[in-house]
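Enquirer: Dropping a structure here in structure tokens format, bear with me for questions.
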Amino acid sequence: MAKVIFNGTTKLIQILPGVSDINVISDLYSEWKLWVIREDNSKYPQAFRTFGGDDTSGSQVAPQYFFLTNGWRILIDGNDTDYVIFATNLYTDENDTPFVLTNGAQVSNKLSDSPVVSVGANSSALTTEQNTQLMNLTNYDDTNLINKIDDIPQNVWEYVNRSLTNIGVDVQFVNGIPVDLSDFNNHQDILDEINSKTKQIKNTIIANS
């Protein structure tokens, strides 16, 4: 039984009421191929492209990836179904979200090369663990270090800024610590970079005090 309907005019794939899980291969990609050959649906722009799925050994295959293309998106109405799980490896050619969510709908988009990614109106940008790490860093209270920061000569900070700039780092300050926030893929990268730069500055303080 089909779980979606295709609208070639709006380029939307709507999840039907009551559906809570979607298999990207069978419920989206295969259904789209069947839809294309019905009536004159082939006149509409292509909705998917895919690659992968090749055999890598006698019992294993490479992951298969699916990309919504030509502006196609998946519509989920929270009045029909409030939470839908998608598996696996659904992306877009535009590198944005595949989903149009209305009326509080939420989704989990499972990817074979990363943890589950949850998106929705009420979802948090940081996980609980990342939030805790960030708060611990923000509330960092090493009294000896904090006292030393106020006493550090200006030429030390100039040295730190110059050293970071020379290796292409766009210096900004977090709690008095210069860090690079210019080029991150995700929030965990930010936390790792802050921790790394904090250790570097500690060493500089010790060496120059």
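Enquirer: Against the definition (in contact with a strand residue (DSSP E or B) (Cβ under 8 Å, 6 or more places away or on another chain) and among the polar types (S, T, N, Q)), how does ASN89 come out, yes or no?
Expert: Numbers: in contact with a strand residue (DSSP E or B) (Cβ under 8 Å, 6 or more places away or on another chain): yes; among the polar types (S, T, N, Q): yes.
So ASN89 fits the description; yes.
Enquirer: Looking at the stretch 18-25, is at least one residue free of Cβ contacts under 8 Å to residues at least 12 places away in the same chain and surrounded by fewer than 16 Cβ atoms within 10 Å (Cβ to Cβ)? Give the derivation first.
Expert: The initial filter retains those residues of the stretch 18-25 that are free of Cβ contacts under 8 Å to residues at least 12 places away in the same chain, namely none.
Checked against the condition, which is being free of Cβ contacts under 8 Å to residues at least 12 places away in the same chain and surrounded by fewer than 16 Cβ atoms within 10 Å (Cβ to Cβ), the stretch 18-25 yields no hits at all.
Enquirer: Hey, another quick one. Under the condition of being charged (D, E, K, R) and modelled with pLDDT of 90 or more, which residue from the stretch 43-61 is farthest from TRP32 (Cα to Cα)?
Expert: Looking only at the stretch 43-61, we keep the residues that are charged (D, E, K, R), and these are 43, 49, 54-55.
Within this subset, residues satisfying the condition of being modelled with pLDDT of 90 or more are 43, 49.
Values: LYS43: 13, ARG49: 11 Å.
Result: LYS43.
Enquirer: Let me ask you something else. When you go through (1) exposed (fewer than 11 other Cβ atoms within 10 Å of the Cβ); (2) within 27 Å of the chain's Cα centre (by Cα) one by one for LYS43, which number turns out not to apply?
Expert: Looking at each condition in turn, LYS43 falls short on (2).
The values are calculated or read from the model by the stated rules, or taken from the named source; none is laboratory data. Predicted model, so just to flag it, every value in this text is computed and none were measured. In this analysis, Cβ positions are derived from the backbone assuming ideal geometry, glycine residues included, and neighbour counts consider all displayed protein chains.
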